[in-house]
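To keep things clear, I will list the structure first and then write my remarks on it.
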Amino acid sequence: QTGPVIDMPVPASFNDLTQDPSLENYIGWVWYEKEVLLPPRWLQGDPPSRVLLRFGSAHYYAMVWVNGVPVVEHEGGHLPFEADISSIVQGSPGVPCRVTVALNNTLTPHTLPPGSIQYMSDKTRYPKNYFVQNTRFDFFNYAGIHRPVVLYTTPSVYIDDITVTTTSSESVAMVQYQVVVVGSNLYSLSLSLRDQEGKVVATGDGPAGELKVLNPNLWWPYLMHENPGYRYSLEVKMQAQAAGALLEDVYTLPVGIRTVHVTSRQFLINGSPFYFHGVNKHEDADIRGKGFDWPLVMKDFNLLRWLGANSFRTSHYPYAEEIMDLCDAYGIVVIDECPGVGIKMPESFGNKSLQHHLVVMEELIRRDKNRPSVVMWSVANEPASELPPAAAYFKTVIAHTKALDPSRPVTFVTDANYALDRGAPYVDVICVNSYFSWYHDPGHLEVIPLQLTTQFENWYKTYQKPIIQSEYGADSVPGLHSDPPLMFSEEYQKAMLQEYHSVFDKKRKEYVIGELIWNFADFMTNQGTTRVLGNKKGIFTRQRQPKSAAFVLRERYWKIANESSCLPPIIKSHNLFL
């Protein structure tokens, strides 16, 4: 033991839980430890079960020991990792199992997101060995074990992975599947696909094949169908002989039958044009930081549906699996973004960074590939894509992503000039962030119509690809009022949104396929002269209370949904989520 020991809840960020300012901004190693008594039946049997220790995520670099034996190391937050600890725990039934985790939140030019450590050498101004963690992104670098940690078992022969893709016409759908079994070559697989009433609609066997579904219920987005988010359940049953015993492993995977297709002017879901009217979010809240919290998640989904939002981007990292489960269930469409935010320095475009970025995309796609809500991958947010090495870098990352998953379009989100962006040739959809009258021409709402129209026309003329306005917005301090509108007032935020919306309404008749407000809720950032307890661009406060802009957006989103959908009038009214 080398330092003070305090109780720490999991899942949670450690930063905001104490009155210690040094923990709030701590950079470096922290240690977690917990003892657990495993059920005796987990440790018996012939052959014995596999015992696994799984982390939903840990930020940022994790090393894990069980009973003092190293079991796994993992680089990167926001994605799961696990270790097989069977051989360590099976020799000592009845003895507590001690789990130790060392966690380091330092960001370097080669991590994702990148950062840099800057040592302040001027001894007249800074204490000895003084350093700061620099980052090039605008959210607080919360750290800790942010998602659930579980222990679970499988048989010694087990289902390791399932991949499902779907195609459909009006009267028939095909569900293609691949199942990976590990532990033996001698096994049988049987599959049954059930509808929501539990009726078996298709069966299959073997590790790869195709299930035919007649008159399928398709997975539709929220507000596009009266029964959004329809999911079948695919039950995969494996049987194998091992050490004279019959082993069985069963996994049930929710399956949404839907297709995605991009043309030069449209984004099609199940062959119908889809318009993204949604938000960008953060995993961020008071006290818990980025720690997973069910009541917060439910509140956010109820607000999304009240708002009439049909989509969000996981800015700027993959969100918890429980959040993604709800997107699948509620029909909320997701642009699934990896942690590639703040890629600004030339050294972050080298081979070391690239290799790690490719691994992160592999981990993300393995986790989320079967989710009907995920319609597009985003490989980065606002990188320095005008730099020469960005061309080969993004060509490689996007090609790798498409090789791993040919079924979805790929994008990254740019704030570069259309004529200088070296990554844009490789994306399927152009996603553009712009803050006219905020970071550019601050206070001048009157420049928005010309500048935003020019932005869209330049991008479309250059690439002939559909465009999403992936960020726009203004900070507003709740309760601050000004008429005529002045920056930081609720009125200015409303007025800026309305200026953007009038341009969107012209261009969505052509090739603009979506608008995502920045941001759903206020969130914490590093301290700075333009950040008053964080970023205030939320249409909701950090406590999830609406600002004036929330009502502007709600009226707009329901109006768009009513124009474009064939819903019965009862759902069309605002009464669904009052």
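The values are calculated or read from the model by the stated rules, or taken from the named source; none is laboratory data. Bear in mind that the values here come from a model prediction, so they are computed numbers and not experimental data. Backbone-built Cβ (ideal geometry, glycine too); neighbour counts: all protein chains shown. Heavy atoms of the whole protein, side chains included, go into the accessibility calculation; ligands, DNA and RNA do not. Shrake-Rupley method; radii C 1.70, N 1.55, O 1.52, S 1.80 Å.
Scanning region 230-241 for residues that are open to solvent by 20 Å² or more (accessible area, probe 1.4 Å) and in contact (Cβ under 8 Å) with a residue 60 or more places away in the chain turns up just one, Arg231.
For region 216-229, residues that are open to solvent by 60 Å² or more (accessible area, probe 1.4 Å) and under 15 Å from Glu197 (Cα atoms) total 2. Cβ-Cβ contacts under 8 Å between residues 6 or more apart (or on different chains), taken from a first residue in region 22-35 that is at pLDDT 95 or above and open to solvent by 50 Å² or more (accessible area, probe 1.4 Å) to a second residue that is assigned to a strand (DSSP E or B) and among the hydroxyl-bearing types (Ser, Thr, Tyr), are listed as Trp31/Thr100; Glu33/Thr100.
Selection of region 464-474 for residues being assigned to a loop (DSSP other than H, G, I, E, B) and surrounded by 20 or more Cβ atoms within 10 Å (Cβ to Cβ) yields Lys465, Pro466, Tyr472, Gly473, Ala474. In region 137-162, of all residues being in contact with a helix residue (DSSP H, G or I) (Cβ under 9 Å, 6 or more places away or on another chain) and open to solvent by 20 Å² or more (accessible area, probe 1.4 Å), the one that is farthest from Leu37 (Cα to Cα) corresponds to Asp161. Contact annotation: residue pairs with Cβ atoms under 8 Å, 6 or more positions apart or on different chains, pairing a residue in region 120-149 that is closer than 14 Å to His282 by Cα with a partner that is of a type in the set (Val, Ile, Thr) and in a strand (DSSP E or B), are Phe137/Val341; Asn141/Thr135. Just so you know, in region 439-463 the residues that are out of contact with any Lys or Arg (no Cβ under 6 Å at 6 or more places or on another chain) and aromatic (Phe, Trp, Tyr) include one that is most open to solvent (accessible area, probe 1.4 Å), and it is Tyr439. Taking the criterion of being surrounded by fewer than 22 Cβ atoms within 10 Å (Cβ to Cβ) and on the phi < 0 side of the Ramachandran plot, the residues of region 529-549 that qualify are Thr529, Thr530, Arg531, Val532, Phe540, Thr541, Arg542, Gln543, Gln545, Pro546, Ser548. Could you check, for region 205-222, whether at least one of its residues is part of a strand (DSSP E or B), among the hydroxyl-bearing types (Ser, Thr, Tyr) and not assigned by the TED database to the domain that holds Met324? So far as region 205-222 goes, no, none of its residues is part of a strand (DSSP E or B), among the hydroxyl-bearing types (Ser, Thr, Tyr) and not assigned by the TED database to the domain that holds Met324. If the condition is being open to solvent by less than 10 Å² (accessible area, probe 1.4 Å) and outside any strand (DSSP E or B), then region 79-97 contributes Leu79, Ile85, Val89.
Please go through region 327-371 and give me each residue that is among the basic types (Lys, Arg) and within 24 Å of Ile468 (Cβ to Cβ), ordered by number. Let's see the steps before the verdict.
Taking region 327-371 and keeping what is among the basic types (Lys, Arg), we get 344, 352, 366-367, 369, 371.
Scanning region 327-371 gives Lys344, Arg367, Lys369, Arg371.
Among the conditions (1) closer than 21 Å to Thr167 by Cβ; (2) in a strand (DSSP E or B); (3) without any contact (Cβ under 8 Å) to a residue 40 or more places away in the chain, Leu246 misses just one, which is (1).
Quick check: anything in region 477-498 among the acidic types (Asp, Glu) and part of a helix (DSSP H, G or I)? Yes. For region 299-322, which positions are outside any helix (DSSP H, G or I), crowded, with 24+ Cβ neighbours inside 10 Å and out of contact with any Asp or Glu (no Cβ under 8 Å at 6 or more places or on another chain)? Those that are outside any helix (DSSP H, G or I), crowded, with 24+ Cβ neighbours inside 10 Å and out of contact with any Asp or Glu (no Cβ under 8 Å at 6 or more places or on another chain): Ala309, Asn310, Ser311, Phe312.
Counting residues in region 42-62 that are surrounded by fewer than 19 Cβ atoms within 10 Å (Cβ to Cβ), in a strand (DSSP E or B) and in contact with a helix residue (DSSP H, G or I) (Cβ under 7 Å, 6 or more places away or on another chain) gives zero. Filtered by the rule that a residue be in a strand (DSSP E or B), open to solvent by less than 50 Å² (accessible area, probe 1.4 Å) and either at pLDDT below 95 or not small (Gly, Ala, Ser) (or both), region 258-289 gives Val260, Val262, Phe267, Leu268, Ile269, Phe276, His277, Val279, Asn280.
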